[in-house]
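**Student:** The structure's right below; bear with me while I get my questions together.
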Amino acid sequence: MGNTNSLTSKHSHTMEDELTCPVCLELFADPLLLPCSHSICKKCLQDIVDNRSKSGKDGLDCPTCRKSHPINRNKVGKLTRNLALENIVFRYQEIQSQNLSRSRNSLDLTLDFFSPTSPVPASCIGSGSVSFDSAMEPWSVEDGNELCGLCEENVKNKASLYCEQCCVAYCHTCLDTFHPRRGPLAHHKLRSPTKSECSGKEAYCDDHVSEVAAIFCDRCKQLVCHLCVCDGIGKHSQHKILAIDTALAQTKEVVSQTKTKLETMVTTLSDQMSKLEEMAADIEKMHSEASEKIDTQHQRLVEDLMTCLRQQRQTSLQNVTETKSRVLTKYRLQIEESHQQLRTLDTLVEDCKVFLDEDHPKGLLSKAGDVALIVQQQEIVANKMGPGRISYQELVSDKTSQQEIKTAVATFYKSAHATLNSMLADEGEQCRSLIPVIKSSASLSKEGPHVVNKCLTTWGFNSSSFTAEPLEYSAMWSVTIEKNASQLGDLKTGYIFGVGISFEKLTAKDQVGINRVSHGIICTAGSLAYSHDGKIEQLMPLDSLPLSVTIYCTIDESDKVLLAYTITDTNWGDSLHGKKVLVDQSSKNKVFPVFTVSQRVKMQFPTYV
């Protein structure tokens with residue numbers, strides 16, 4: 001009988017293999033018949049066709065014989081459904097469910113018969129055998145805490161086997177005593193026990209609280225008892241049932257795959273967080289730099305506008321002062337001359353009083369000769385008062401100076417407003433772009449033809465200055481300052497250069513902005529500054545090279561020259577704009593573009609304008 005049961009079990013396993021899909025390794029569900037006569041689950045076939053379509057591949061290779069078939073998504077629904085195989089699978093599941101129910105009932109009866117208090121009949125011990133899985137032969141467990149579940153409490157042996165149907169761990173003695181290897185128990189599956197199974201922590205059915213949950217329902221994904229799968233009784237009847245090992249393996253596989261996906265997601269999120277934190281730090285740094293540059297530009301605009309207004313104010317006050325000085329000079333000359341005439345007249349009046357105070361006739365007549373002198377001086381003063389009276393009338397009637405002083409207020413506003421408009425205007429619209437023409441070193445002595453220099457470098461260890469041909473109109477030009485390849489020192493030391501204009505030619509030893517005739521943007525001690533006549537106005541730190549400097553020079557009919565500049569770096573683009581109104585030079589002077597370079601830098605002009 002035991003041999004018959006073992007043979008039946010083997011046939012059952014062989015049949016299950018035949019009824020298993022070669023793709024999902026589960027019992028066939030909606031099997032479709034391929035042209036090669038092999039079957040495959042409908043969902044498995046759809047998944048394979050979809051995956052191959054996404055990879056740009058056509059057709060299908062049979063999972064069993066590897067024969068290629070021209071099957072796509074549209075042709076899947078046209079394949080023949082293997083109804084015979086589907087019915088066999090369904091019937092097989094019913095038989096398995098019934099066998100499990102009968103085995104459970106038989107096990108309950110057997111355990112009652114072989115109770116620890118009853119003697120074991122000799123006829124029940126002997127030739128019977130229990131069915132073992134091919135890989136589940138008995139062996140000793142390594143953990144000393146894994147004990148038999150049926151031994152006496154005071155003396156417990158190590159568990160050697162675990163019955164999946166009984167959900168009990170046995171030592172060899174208790175296995176022979178309480179789990180005979182014959183009859184309905186011959187189909188029970190024995191395997192090596194685990195620590196959790198030997199600890200006595202059994203899982204009980206949710207619907208039948210007194211029954212051990214030892215069966216796994218694949219459809220509902222939960223452990224159930226044998227009552228749950230009984231035909232017509234249990235709510236899991238006709239559901240797909242999996243062996244504990246199979247369900248455990250599948251669950252572990254799903255959990256393992258999910259764990260791998262979760263770890264991948266964790267890695268992805270960690271990378272994203274790290275990237276976002278780096279970007280946040282970059283934003284913080286950029287915000288700080290941008291705020292600093294905005295403050296610098298704001299300060300530059302305010303200072304340039306204030307300088308412009310102060311210059312215009314100074315010009316207007318100077319004009320008013322000149323008008324006042326000119327008029328007061330005329331007034332003072334007229335007053336001084338009147339004072340002199342008044343003193344002379346006072347003296348003559350006193351002399352006349354002396355004569356009139358003389359009471360003695362002889363005394364008066366003795367001084368008669370002096371009377372003619374008084375009369376003569378009176379006539380001289382009268383002659384002088386004639387032109388003075390005319391000059392006086394002219395001064396009194398002339399209101400031009402007063403009007404000039406009164407209108408100076410309105411004139412200041414208009415001129416200041418015009419200057420502000422020129423400061424706020426787009427200098428690029430007024431200036432023509434050009435590349436300054438500089439004489440080459442060879443032509444300096446031979447007075448040869450002019451050439452356009454694309455790159456300026458020094459020929460020695462000291463700085464050198466270059467003077468271009470004078471401007472004939474309002475113009476703009478750009479130059480890029482780069483490091484010399486052999487110079488890698490700190491930007492705060494040795495990096496000296498300058499770009500600007502001069503009202504006279506500079507010698508090679510002059511530097512832009514250091515003398516009274518030149519204005520420009522210079523670099524000194526690691527900072528960019530505006531310089532004129534040695535007076536330095538700090539602009540911004542020199543963060544890196546290369547950078548570009550664009551100079552705008554507007555020449556009009558007034559006595560002013562408008563000098564504007566734009567500093568551009570590789571990280572921020574146009575970083576700083578500024579304008580200066582140069583009123584200390586006459587527009588009649590020539591304006592020369594000038595450049596200063598040191599041994600650590602070179603200046604590169606654009607290839608075209």
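**Student:** What is the one condition in (1) at pLDDT below 80; (2) surrounded by 11 or more Cβ atoms within 10 Å (Cβ to Cβ); (3) over 30 Å from Gly149 (Cβ atoms) that Asp17 does not satisfy?
**Tutor:** (2)
**Student:** Could you grab me the full set of residues in region 151-195 that are part of a helix (DSSP H, G or I) and either at pLDDT 75 or above or not charged (D, E, K, R) (or both)? Show your work before the answer.
**Tutor:** Residues of region 151-195 part of a helix (DSSP H, G or I): 172-178, 183-187, 195.
Scanning region 151-195 gives His172, Thr173, Cys174, Leu175, Asp176, Thr177, Phe178, Gly183, Pro184, Leu185, Ala186, His187.
**Student:** Same structure, new question: Residue check: is Ser415 within 30 Å of Gln340 (Cα to Cα) and either assigned to a helix (DSSP H, G or I) or within 60 Å of the chain's Cα centre (by Cα) (or both)? Break it down into steps so the answer makes sense when it comes.
**Tutor:** Details: within 30 Å of Gln340 (Cα to Cα): no; either assigned to a helix (DSSP H, G or I) or within 60 Å of the chain's Cα centre (by Cα) (or both): yes.
No: the conditions fail for Ser415.
**Student:** Now for a different question. Working only within region 25-42, note down all residues that are in a loop (DSSP other than H, G, I, E, B) and surrounded by 15 or more Cβ atoms within 10 Å (Cβ to Cβ).
**Tutor:** From region 25-42, those in a loop (DSSP other than H, G, I, E, B) are 25-26, 28-30, 34-38; that's our starting set.
Within region 25-42, Glu26, Phe28, Leu34, His38 meet the criteria.
**Student:** Residue pairs, Cβ under 8 Å, 6 or more apart or interchain, first in region 224-237 and among the polar types (S, T, N, Q), second at pLDDT below 85. List them.
**Tutor:** Once the first residue is among the polar types (S, T, N, Q) and sits in region 224-237, its partners that are at pLDDT below 85 give Ser237/Ser97; Ser237/Val229; Ser237/Cys230; Ser237/Asp231.
**Student:** Scan region 473-487 and tell me whether some residue there is outside any strand (DSSP E or B), at pLDDT below 90 and of a type in the set (Asp, Glu).
**Tutor:** Checking region 473-487: not a single residue is outside any strand (DSSP E or B), at pLDDT below 90 and of a type in the set (Asp, Glu).
**Student:** Touching a helix residue (DSSP H, G or I) at 6+ places or on another chain (Cβ under 9 Å), surrounded by 10 or more Cβ atoms within 10 Å (Cβ to Cβ) and farther than 30 Å from His417 by Cβ: is that true of Gln312 in this structure?
**Tutor:** Numbers: touching a helix residue (DSSP H, G or I) at 6+ places or on another chain (Cβ under 9 Å): yes; surrounded by 10 or more Cβ atoms within 10 Å (Cβ to Cβ): yes; farther than 30 Å from His417 by Cβ: no.
Against the criterion (touching a helix residue (DSSP H, G or I) at 6+ places or on another chain (Cβ under 9 Å), surrounded by 10 or more Cβ atoms within 10 Å (Cβ to Cβ) and farther than 30 Å from His417 by Cβ), Gln312 does not qualify.
**Student:** Cβ-Cβ below 8 Å, separation at least six or inter-chain, first residue in region 527-540 and under 18 Å from Leu506 (Cβ atoms) and without any contact (Cβ under 8 Å) to a residue 60 or more places away in the chain, second charged (D, E, K, R) and in a loop (DSSP other than H, G, I, E, B): which pairs?
**Tutor:** Between residues of region 527-540 that are under 18 Å from Leu506 (Cβ atoms) and without any contact (Cβ under 8 Å) to a residue 60 or more places away in the chain and residues that are charged (D, E, K, R) and in a loop (DSSP other than H, G, I, E, B), the close pairs are His532/Arg516; Asp533/Arg516.
**Student:** Restrict the check to region 43-59 and report whether at least one residue is without any contact (Cβ under 8 Å) to a residue 40 or more places away in the chain, farther than 30 Å from His236 by Cα, part of a strand (DSSP E or B) and not charged (D, E, K, R). It would help to see each step written out before you state the result.
**Tutor:** Of region 43-59, the ones without any contact (Cβ under 8 Å) to a residue 40 or more places away in the chain are 43-59.
If we keep only those that are farther than 30 Å from His236 by Cα as well, we get 48-59.
Those left that are additionally part of a strand (DSSP E or B): none.
No: zero hits.
**Student:** Now a separate question. Which residue is modelled with the lowest pLDDT, if the candidates are limited to region 535-559 and must be outside any strand (DSSP E or B) and either among the acidic types (Asp, Glu) or surrounded by 20 or more Cβ atoms within 10 Å (Cβ to Cβ) (or both)?
**Tutor:** Quick first cut of region 535-559, residues outside any strand (DSSP E or B) only: 542-546, 556-559.
Narrowing the set further to residues that are either among the acidic types (Asp, Glu) or surrounded by 20 or more Cβ atoms within 10 Å (Cβ to Cβ) (or both) leaves 542-543, 556-557, 559.
Working: Leu542: 87, Asp543: 82, Asp556: 73, Glu557: 66, Asp559: 71.
Among those that are outside any strand (DSSP E or B) and either among the acidic types (Asp, Glu) or surrounded by 20 or more Cβ atoms within 10 Å (Cβ to Cβ) (or both), it is Glu557.
**Student:** Continuing with this model, one more query. Within region 571-608, track down each residue that is assigned to a loop (DSSP other than H, G, I, E, B), modelled with pLDDT of 85 or more and either of a type in the set (Val, Ile, Thr) or in contact with an Asp or Glu (Cβ under 7 Å, 6 or more places away or on another chain) (or both).
**Tutor:** Within region 571-608, Val591 is the sole residue that qualifies.
**Student:** Let me ask something else. Take Thr296 and tell me if it is touching a Leu at 6+ places or on another chain (Cβ under 8 Å) and either farther than 30 Å from Thr566 by Cα or assigned to a helix (DSSP H, G or I) (or both). Write out each step before concluding.
**Tutor:** Details: touching a Leu at 6+ places or on another chain (Cβ under 8 Å): yes; either farther than 30 Å from Thr566 by Cα or assigned to a helix (DSSP H, G or I) (or both): yes.
Yes: the conditions hold for Thr296.
**Student:** Continuing with the same structure: Would you say Asn87 is of a type in the set (S, T, N, Q), surrounded by fewer than 12 Cβ atoms within 10 Å (Cβ to Cβ), at pLDDT 75 or above and within 28 Å of Gln165 (Cβ to Cβ)?
**Tutor:** On the way: of a type in the set (S, T, N, Q): yes; surrounded by fewer than 12 Cβ atoms within 10 Å (Cβ to Cβ): yes; at pLDDT 75 or above: yes; within 28 Å of Gln165 (Cβ to Cβ): yes.
Criteria met by Asn87.
**Student:** Here's something else I'd like to know. Report, ordered by the first and then the second residue, all pairs with beta carbons closer than 7 Å, sequence separation of six or more or different chains, a first member in region 407-424 that is within 14 Å of Cys308 (Cα to Cα), and a second member that is of a type in the set (A, V, I, L, M, F, W, C).
**Tutor:** Ala416/Leu309; Thr419/Cys308; Thr419/Val581; Leu420/Leu305; Leu420/Cys308; Ser422/Leu562; Met423/Leu305; Met423/Cys308
The values are calculated or read from the model by the stated rules, or taken from the named source; none is laboratory data. Values in this document were obtained by computation on a predicted structure and should not be read as measured data. Neighbour counts are summed over all protein chains in view; Cβ atoms, including those assigned to glycine, are modelled from backbone coordinates with ideal geometry.
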